[in-house]
């Protein structure tokens with residue numbers, strides 16, 4: 001459904017957010033504060049080195065990530081690279097047309113109230129707002145931004161990615177935090193086993 005959206009500037013922006021969140025497992029505040037110098041198009045990586053800082057009644061700012069382990073390089077695929085190029089092209093056209101500057105080179109932008117000639121980083125809640133509206137419009141089950149991080153970890157582990165690699169991807173200091181996803185995965189496997197066992201037993205009984 002998301003991929004079928006046209007490539008309007010707004011749709012490209014949110015398709016890019018979803019791709020980054022689902023592919024990398026990065027926290028919302030991490031990918032929302034990405035800057036263009038953190039994208040390595042050649043080696044297909046992003047560099048997580050900051051996060052959004054939201055303080056009531058103050059302009060949004062950036063800070064260091066949650067922990068030292070949260071500073072990391074994460075891989076991205078060709079689909080995300082193409083979205084980044086497309087988003088950059090549309091963003092450059094917008095800035096030129098509106099005669100605006102992006103001095104901090106944020107990837108996701110908002111108009112600033114303190115300087116009419118500059119843009120600032122987008123507020124992190126803007127992604128959730130769009131996601132909620134999109135889900136309601138298409139009658140999807142409720143999904144949060146954090147759900148993408150959860151899915152990234154669960155899918156990676158289910159396809160055999162080592163636990164330590166997923167730990168690095170998520171920026172966890174303690175591998176015990178990452179292992180929670182393993183426990184959840186094992187629980188799902190047990191549920192699947194029970195369903196299959198029940199079904200197969202009914203087949204045997206009918207014979």
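The numbers here are math on the coordinates, done by the rules we state, and not lab data. Every value quoted in this text rests on a predicted model; they were computed, and no experiment measured them. With ideal geometry, Cβ positions are generated from the backbone for all residues, glycine too; neighbour counts draw on all protein chains shown.
Give the distance, in whole Å, between the Cα centre of the stretch 131-156 and the Cα centre of the stretch 13-73.
Spelled out, the Cα-based centre of one part sits 18 Å from the other.
How big is the chain along each principal axis, measuring the range of its Cα positions in Å and listing the largest first?
77, 39, 39
For helix 9-24, report the angle its Cα long axis makes with the longest principal axis of the Cα atoms of the chain; keep it between 0 and 90° and round to the nearest 10°.
Result, in degrees: 50.
Could you tell me the calculated FRET efficiency between residue 173 and residue 144, based on Cβ-Cβ distance and R0 = 22 angstrom, to the nearest 0.05?
Approximately 0.45, to the nearest 0.05.
Calculate, for residue 128 and residue 2, the FRET efficiency according to 1/(1 + (r/R0)^6) with r their C-beta to C-beta distance and R0 22 Å; round to the nearest 0.05.
0.90
For the chain, give me the percentage of DSSP beta bridges that are antiparallel, rounded to the nearest 5 percent.
Details: 13 of 14 bridges.
Restricted to the chain, the bridges split so that about 95 percent are antiparallel.
Let a ≥ b ≥ c be the square roots of the eigenvalues of the Cα gyration tensor of the stretch 91-184; is it rounded (a/c under 1.5), or, if not, prolate (a/b larger than b/c) or oblate?
prolate
So for each of 5-18, 89-102, 48-61 I average, over its residues, the number of other beta carbons within 10 Å; can you give me the resulting order with the highest mean first?
Numbers: 5-18: 16.2, 89-102: 12.9, 48-61: 14.4.
Taking the mean over residues of other Cβ atoms within 10 Å, the ranking is 5-18, 48-61, 89-102.
Using the alpha-carbon atoms, what tilt in degrees (0 to 90, nearest 10) does helix 175-206 show relative to the longest principal axis of the chain?
40
Taking the Cα atoms only, what angle lies between the long axis of helix 145-158 and the longest principal axis of the chain, rounded to 10 degrees?
50
Percent relative contact order of the chain, based on C-alpha pairs within less than 8 angstrom and at least six residues apart? List each step's numbers first, then the result.
Numbers: 260 pairs, mean separation 46.6, N = 207.
Over the chain, the number comes to 23 percent.
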